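Where a number appears in this text, it was derived from the coordinates with a stated rule and is not lab data. Model, not experiment: these values are computed from the prediction. Don't worry about glycine lacking a Cβ; one is built from the backbone with ideal geometry, like all the others, and counts go over all protein chains shown.
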Amino acid sequence: MKKNVNHIKIAMDGPAGSGKSTVAQKVAEKLDLLYLDSGAMYRAVTVLAIENGVETAIPELIKLVKNCHIQFSENGKLIFLDSKDISTQIRTPEVNTLVADIAKVPQIRTEIVRHQRRIGTQGGIIAEGRDLTTIVFPDADYKFYLDASVTERAKRRYAELLSQNVDTTLETVEEEIRTRDEKDITREHSPLKAAKDAICVDTTGKTIDEVVEYIISMVSSQNNN
Ligand code: DC
């Protein structure tokens, strides 16, 4: 059945640097949808772990996760942990290094997925991450899997870090991406993979706007059938 475009649910997955956050934010703006950055939630849990010194004390961390409040504002641009704005803190190198190991803990995923599904009941949404098409919203109206070569993804991330005056090299960034890919793809619970019914988009050599237009055209054409 045709749905009002503002009530649709779009799920998008892909590896680090595939462009999904920027693309999803732009699609959200154009279609007036809620934007959900699921990776930011795992990053928030990582900040929670660091602040409480429980990075490796997983049972303690699980208790804290069950009692914490993670909230977004400004349509996903800002994230708050127990009312504190941690939007900058979630992007530090320390969080980058730790987050994949924290995101692989099944009990933590259960809590976060529950929270994501609650957010999904609020109306039209575009949600992106690693398991949105497979686990969180298998019922999504549209599913996309964004990918790009490791070299291209590393170049994008490197350019982003340079613009933030972060001192690093392209080789270091590429190595970090390879390590994170390996952890995200091979983990036991909710590994990164394309859902069988997801539309795969290779963003190598494409601009963000080209990918945004493509996604909107797919949604519009299928929504008009
Ligand atoms: O998209 P990102 O780089 O902000 O994600 C940070 C980490 O969180 C990434 O290494 C994998 C994990 N993640 C996840 O396990 N499931 C999601 N739905 C989103 C992110």
Protection-proxy order for peptides 18-26, 47-55, each taking the mean of Cβ atoms within 10 Å per residue, highest first: 18-26, 47-55
Shape category assigned to the range 88-165 from the gyration tensor of Cα positions, a/c cut at 1.5: prolate
Alpha-carbon Rg with Dmax, taken over the range 15-56, Å: 13.9, 41
Antiparallel DSSP beta bridges within the chain, as percent of all bridges there, nearest 5: 25 percent
Highest to lowest packing among 162-175, 29-42, 131-144, 189-202, scored as the average C-beta count within 10 Å: 131-144, 29-42, 189-202, 162-175
Gyration tensor (alpha-carbon) shape descriptor, the range 161-206, a/c threshold 1.5: oblate
Cα-based shape type of the chain, given that a ≥ b ≥ c are square roots of the gyration tensor eigenvalues and the cut on a/c is 1.5: oblate
